[in-house]
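Visitor: Right, I'll just put the structure down here and ask away after.
No lab work stands behind these numbers, since they all come straight from the coordinates. Everything numeric in this text was worked out from a predicted model, so none of it was measured. We place every Cβ from the backbone using ideal geometry, glycine too, and count neighbours over all the protein chains shown.
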Amino acid sequence: MQCSCGANADLTMQVNRKCKAELRFYSCDKCGKVSDGVLAIRDIDVSWDVAGDAIARRWFTTLTPESAEDLYQSVTALQNVLLDTTAAGGEGAADNGDLHTQASFSF
């Protein structure tokens, strides 16, 4: 990915093995900018930073094995409810793909 300064930005990952969590973001070695982060637990994206609020980073720094499990269970339960709704003909029923959200990284 290219940073707004023109240099290449590299994908950076911080890992918390105890919680089976990783924080992914792009960082530029030249100017030091970093993109919004994405928090994944057990390879499922569960939280994203938004402009002006580093939600995923806060979660990552405060995770315990118990809170990671709670967050993972909450997100997967919500995904299951949404998948059941779409399978029953609700909004989004035409999209038979999975419920994976692509995070866009921007500088």
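Visitor: If you go through the range 1-38 one residue at a time, how many are under 26 Å from Glu66 (Cβ atoms), out of contact with any Phe, Trp or Tyr (no Cβ under 9 Å at 6 or more places or on another chain) and not charged (D, E, K, R)?
Guide: Selection size over the range 1-38: 1.
Visitor: Same structure again: Looking only at the range 1-45, count every residue that is over 17 Å from Ala56 (Cα atoms), in contact (Cβ under 8 Å) with a residue 40 or more places away in the chain and polar (S, T, N, Q) and tell me the total.
Guide: So the count comes out to 1.
Visitor: Just need a number here: residues in the range 7-33 that are buried (at least 18 other Cβ atoms within 10 Å of the Cβ), farther than 22 Å from Gln79 by Cβ and either over 13 Å from the mean Cα position of the chain (by Cα) or not hydroxyl-bearing (Ser, Thr, Tyr) (or both).
Guide: 3
Visitor: Which condition number does Ile41 fail, the rest of (1) among the aliphatic types (A, V, I, L, M); (2) touching a Phe, Trp or Tyr at 6+ places or on another chain (Cβ under 6 Å); (3) more than 20 Å from Ala77 (Cα to Cα) being met?
Guide: Exception for Ile41: condition (3).
Visitor: Please go through the range 46-66 and give me each residue that is in contact (Cβ under 8 Å) with a residue 24 or more places away in the chain, over 28 Å from Asn8 (Cα atoms) and in a helix (DSSP H, G or I), ordered by number.
Guide: If the condition is that a residue be in contact (Cβ under 8 Å) with a residue 24 or more places away in the chain, over 28 Å from Asn8 (Cα atoms) and in a helix (DSSP H, G or I), then Pro65 is the only one that fits.
Visitor: Further question: Which one is nearest to Cys5 (Cα to Cα), of the residues in the range 34-53 that are more than 11 Å from the chain's Cα centre (by Cα) and surrounded by fewer than 19 Cβ atoms within 10 Å (Cβ to Cβ)? Before the answer, list the steps.
Guide: Of all residues in the range 34-53, those more than 11 Å from the chain's Cα centre (by Cα) come to 34-35, 42, 51-53.
Cutting the leftovers down to surrounded by fewer than 19 Cβ atoms within 10 Å (Cβ to Cβ) gives us 34, 42, 51-53.
Details: Val34: 12, Arg42: 34, Ala51: 19, Gly52: 20, Asp53: 23 Å.
Here the residue is Val34.
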